[in-house]
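Input: a single structure, listed below in structure tokens.
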Amino acid sequence: MRLSDHEVEVIVGAVRSCFGRAARVYLFGSRLFDDVRGGDIDLLVDLPEPDGQMVQHRCQAIADMQMALGDQKIDLLVRHPRVSDQALFHEVLEHGIPLC
């Protein structure tokens, strides 16, 4: 996994601050592989229940991460029970790395 302890701490803190302590966040994509260079930070936030302010929380979490980590490309997907179940979500939950 190509994230430092500091980066993981920032990501987990931003997700919990914006979505609550029940939120789980998974890393997926190129940052899973130590031998690959570059790439954005691909994250999936998995929520146990719907979030009525999902768009605002998503934007705030990305802004908080970018302010703490610098101007990096961060892709943040959000999954909750009312979102259509997509194959990508299953792939991430099966092969991604849980950060919290």
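Please treat every number below as a calculation from the coordinates, not as lab data. For clarity, every value in this text was computed on a predicted model and none was experimentally measured. Methodologically, a virtual Cβ is constructed for each residue, glycine included, from the backbone with ideal geometry; neighbour enumeration extends over all protein chains shown.
Remarks
- Selection status of ALA63, among the small types (Gly, Ala, Ser) and within 12 Å of the chain's Cα centre (by Cα): no
- Candidate set: segment 6-33, residues that are touching a Gly at 6+ places or on another chain (Cβ under 7 Å) and in contact (Cβ under 8 Å) with a residue 40 or more places away in the chain; chosen: the one surrounded by the fewest Cβ atoms within 10 Å (Cβ to Cβ): GLY29
- VAL36 surrounded by 11 or more Cβ atoms within 10 Å (Cβ to Cβ), assigned to a loop (DSSP other than H, G, I, E, B) and in contact with a Ser or Thr (Cβ under 8 Å, 6 or more places away or on another chain): yes
- Index of the failed condition, ALA87 passing every other in (1) exposed (fewer than 12 other Cβ atoms within 10 Å of the Cβ); (2) on the phi > 0 side of the Ramachandran plot: (2)
- Scope segment 39-79; condition assigned to a helix (DSSP H, G or I), β-branched (Val, Ile, Thr) and either in contact with a strand residue (DSSP E or B) (Cβ under 7 Å, 6 or more places away or on another chain) or under 13 Å from ILE11 (Cβ atoms) (or both); matching residues: ILE62
- Single residue of LEU47, LEU69, LEU77, LEU3 found to be buried (at least 19 other Cβ atoms within 10 Å of the Cβ) and touching a helix residue (DSSP H, G or I) at 6+ places or on another chain (Cβ under 8 Å): LEU47
- Breaking point among (1) under 16 Å from ILE74 (Cα atoms); (2) in contact with a helix residue (DSSP H, G or I) (Cβ under 9 Å, 6 or more places away or on another chain), for SER17: (1)
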